[in-house]
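The values are calculated or read from the model by the stated rules, or taken from the named source; none is laboratory data. These numbers were taken from a predicted model, which means no experiment stands behind them. Virtual Cβ from ideal backbone geometry, glycine too; neighbours counted across all protein chains shown. Ligands, DNA and RNA are stripped out before the accessible areas are found, and what is left, the full protein with its side chains, is counted by its heavy atoms. Shrake-Rupley method; radii C 1.70, N 1.55, O 1.52, S 1.80 Å.
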Amino acid sequence: MSHYPKTPGFSGTLRPLRFEGDIHDLEIEGEVPPQLFGTFHRVHPDAQFPPLFESDQFFNGDGLISLFRFRGGKIDFRQRYAQTDKWKLERRAERALFGAYRNPLTDDPCVAGKIRGTANTNVIVHAGQLFALKEDSPALLMDPLSLETKGYTDFGGKMRGQTFCAHPKIDPVSGNMCAFGYASKGLLTRDCTYMELSPHGDLLQETWFEAPYYCMMHDFGVTEDYAVFHIVPIVGSWDRLKAGLPHFGFDTSLPVYLGVLPRRGEARAMRWFKSPTLFASHVMNAFNDGTKVHFDIPVAKNNMFPFFPDVRGTPFNPVEAMSFLTRWTVDVASPGDSFEKSERLTDLFGEFPRIDDRYATQAHHHGWLLVSDLQKPFEGPGGRASGLVMNSLAHVDYVSGKQTTWWAGPQTLVQESCFVPRTPNAAEGDGYLIAVADNVVTNYSELLMFDARRLGEGPCARAKLPLRLRPGLHGNWADASRLPA
Ligand code: V55
Ligand code: FE
């Protein structure tokens, strides 16, 4: 019998779901664009068994993958766990064996040395495979349609680093998947790798470099010529793990760095730029104009992760944790190590930025974000990993400067959105924004579809689920041309 903790992390909005199943031809309101054929995969951390520790946190849940498959105006739904090595060992034992988030010292001795990954952070199709990703482990490959797990890969022995990030980018020019790893020589090490995989999934390069200090390197930016790494002081140490503290804590005494690595050069040529401390996590996009590198990212004054508290015990500050989309610019040709510019792009409190991914690495003219509109009422229960009420979606038009938001109502939280082009050759931003929305009062979720440039008009279609999905992290669209036949 499974008894989950009666803590906020496992009740209310965060009650475990653990549901695997299929729904053929979802109930639709409105009209699903009939020309769309493809898949929208997302991942939701959801502990398969009660955790070893009641204080277990959201980022430690097992990856439960949802799939919306579009086929000519109809949408089929499927949900399956990523069968990581951890998931299989625990399924066999019928209980949790792995302990706290990124702390192997808390594991049952019978799993010593096993890969601890949960594949719970992002899912993306490349080379006909679904990559299910957790940044502390190698990439787990799955079948994009059946959601059967194939297993971890080191790309035929070519990947020497131990980890593969959860935020790879597809370079639309070369078709390569650009990725990185950190803690690449083992837990808590400063060693990192930059990797590119060909459109067929061959590992073309693995360039090693060292971070200025060990920290959570959750995302990065890729431009035509550079890979760009933001170093934010969410730090960890063996002392913390031995003391039973959360793996990460926020250290305001350390600077932020932006590392710029030439994609086709030597790690020796990498430049590090420095800024006073702040918090930043998910990159909207990056691009370079000659030696000038632009990096768009929501930035907060201070820690946004209450579950990774300040290392000196300073209380969490929800006002300083508010993030605003910002453009950082550095010049690789400049002799100094300071940022050339840091410019706030909107006054909307937002995170989970997206673009039309066909413009990744290039100057983008459209961006979308999840927004927390604190002016609006909220009627739902408590229990959110971040404490954030992401109740709105926003479109930022970089050309006209116009910003449009859409509020989901007082009972609904919106999950990260994704842009889907109207047709493969449509202009930038001409298409749909799709997002899972969870009504936390009625406990139903739906997939919302909007005209991406007209969010204010509200959804043009809704695919309705007979249950509420778990809160999730990230996901991606794959056109049918990128899926196995
Ligand atoms: C994040 C999520 C993770 C993780 C590290 O910022 C960072 C998001 C779902 O797991 O392990
Ligand atoms: Fe992320």
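Structure summary
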item: Separation of the CYS110 and SER174 label points, Cα + 7 Å toward Cβ, nm; result: 4.5
item: Two-site FRET efficiency, LYS292 against VAL319, from Cβ-Cβ distance with R₀ of 41 Å, rounded to 0.05; result: 0.80
item: The range 1-156 - convex hull of alpha carbons, volume per residue in Å³; result: 126
item: Whole-angstrom gap from the range 84-111 to the range 131-162, using each part's C-alpha centre; result: 19
item: Residue-normalised accessible area of the range 179-311, given per residue in Å² at a 1.4 Å probe; result: 34
item: Cross-link partners of LYS169 among lysines (Cα-Cα below 18 Å; sequence separation of 8 or more within a chain); result: LYS134
item: Amide proton proximity set for TYR432, modelled H, under 5 Å, gap of 5+; result: VAL420, ARG422, ALA452
item: Amide H within-cut-off set for HIS126, under 5 Å, with H built and near neighbours excluded; result: PHE131
item: Amide H within-cut-off set for THR223, under 5 Å, with H built and near neighbours excluded; result: VAL228
item: With every protein chain in place, the range 360-460: carbon and sulfur % of accessible area (1.4 Å); result: 49
item: Above-threshold pairs, the threshold being 25 Å between Cα atoms, out of LYS114/LYS185; LYS158/LYS185; LYS6/LYS301; result: LYS6/LYS301
item: Phi to ³J(HN,Hα) by Karplus 6.51 cos²θ - 1.76 cosθ + 1.60 over the range 232-248, Hz, x for Gly, Pro; result: 10, x, 8, 10, x, 7, 4, 4, 4, 5, 5, 7, x, 7, x, 3, 10
item: Average accessible area per residue (Å²) across the range 72-118 - probe 1.4 Å, nucleic acids and ligands excluded; result: 44
item: Alpha-carbon centroid distance for the pair the range 1-31 / the range 244-323, whole angstrom; result: 33
item: The range 368-485: radius of gyration and largest Cα-Cα distance (Dmax), Å; result: 14.8, 48
item: Pair GLU27, ASP202: separation of 7 Å Cα→Cβ label points (nm); result: 5.1
item: Along each principal axis, Cα extent of the chain, largest first, Å; result: 58, 56, 48
item: Relative contact order (percent, whole number), the chain, Cα cutoff 8 Å, 6+ residue spacing; result: 14
item: Separation of alpha-carbon centers, the range 394-449 and the range 169-241, rounded to whole Å; result: 29
item: Rg/Rh (Cα only; Kirkwood hydrodynamic radius) as it applies to the range 250-380; result: 1.00
item: Potential lengthening between ASP337 and LYS301 on full extension [0.36 nm per residue; Cα-Cα distance subtracted]; result: 10.9 nm
